[in-house]
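Enquirer: Submitted below is the structure of interest, expressed as structure tokens.
The values are calculated or read from the model by the stated rules, or taken from the named source; none is laboratory data. Keep in mind the model is a prediction, meaning the values are calculated, not measured. Using ideal geometry, Cβ is built from the backbone for each residue, glycine included, and neighbour counts are taken over all protein chains shown.
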Amino acid sequence: MSALVPCLALALGLLDGSPAPSPPSASALRRAAEAGGRAWVRVQATASGPGVLVGADGQVLTVEYLLRGESALVQVAGTRRPAHLLQRLPSLGLVLLGVEGEGPFEPPGTRDEPVTAGEWVVSVREAGASPELGRVTRAAGGAWFEVSLSLAPGSPVLDGRGKLLGIATARIKKGTRVAALPAVRLQLQSGGPLR
């Protein structure tokens, strides 16, 4: 029976025959938490929840259900600022907001390479919070992947080096579904509905 478990994990794509990757070091986790903390913002509109700072000009991604109208308040770097709708990404359930005023806005670096099942990921609940460490539990490619962390929709998901991988969109039974950053970029570039 014990020999069946690794075979089953291999068949399900949880193992590729190579040793499991080591978790990020304490210093890498600290750097990832700092990047996540800079990226994490609070969006207040129809509802309140997290968002992710994704552009040096103050662009923020968050989940669509937080914004029914065309404006919001975004708390970034301890300051509440007005923001307006730039683009809706309905197939991903996200919206892109533009924060008004001057920065500095410090988005995290990004990674466009696909995630792999078993890969370590990091998230933070808000700026200054301790990082949460989890794993990619499903990486089917395409627009979505799943992680073992239970995150609020709109939260950033980063790799162990602090590079943004995607944005949490929904809690699921055993973790969170995440919109992969390459899919977000593709929809933004294809000119999804603009405002």
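Enquirer: Checking the structure you have, find out if any residue of the stretch 100-117 is in contact with a Pro (Cβ under 8 Å, 6 or more places away or on another chain), buried (at least 17 other Cβ atoms within 10 Å of the Cβ) and assigned to a strand (DSSP E or B).
Expert: Checked the stretch 100-117: no residue is in contact with a Pro (Cβ under 8 Å, 6 or more places away or on another chain), buried (at least 17 other Cβ atoms within 10 Å of the Cβ) and assigned to a strand (DSSP E or B).
Enquirer: List the number of the failed condition for Leu85; all other conditions in (1) buried (at least 20 other Cβ atoms within 10 Å of the Cβ); (2) in a strand (DSSP E or B) hold.
Expert: (1)
Enquirer: Regarding the stretch 129-143, can at least one residue be identified that is closer than 28 Å to Arg68 by Cα and at pLDDT 90 or above? If you could, list the steps in order and put the result at the bottom.
Expert: Our first condition is that a residue be closer than 28 Å to Arg68 by Cα; within the stretch 129-143, this holds for 142-143.
Those left that are additionally at pLDDT 90 or above: 143.
The answer is yes, given that some residue of the stretch 129-143 is closer than 28 Å to Arg68 by Cα and at pLDDT 90 or above.
Enquirer: Mind listing just one residue for me: the one in the stretch 92-148 that is charged (D, E, K, R) and touching a helix residue (DSSP H, G or I) at 6+ places or on another chain (Cβ under 6 Å) and, of those, nearest to Val41 (Cα to Cα)? Before you say what the answer is, go through the steps one by one.
Expert: Residues of the stretch 92-148 charged (D, E, K, R): 100, 102, 106, 111-113, 119, 125-126, 132, 135, 138, 146.
So of that shortlist, the ones also touching a helix residue (DSSP H, G or I) at 6+ places or on another chain (Cβ under 6 Å) come out as 106, 112.
Details: Glu106: 11, Asp112: 22 Å.
Selected residue: Glu106.
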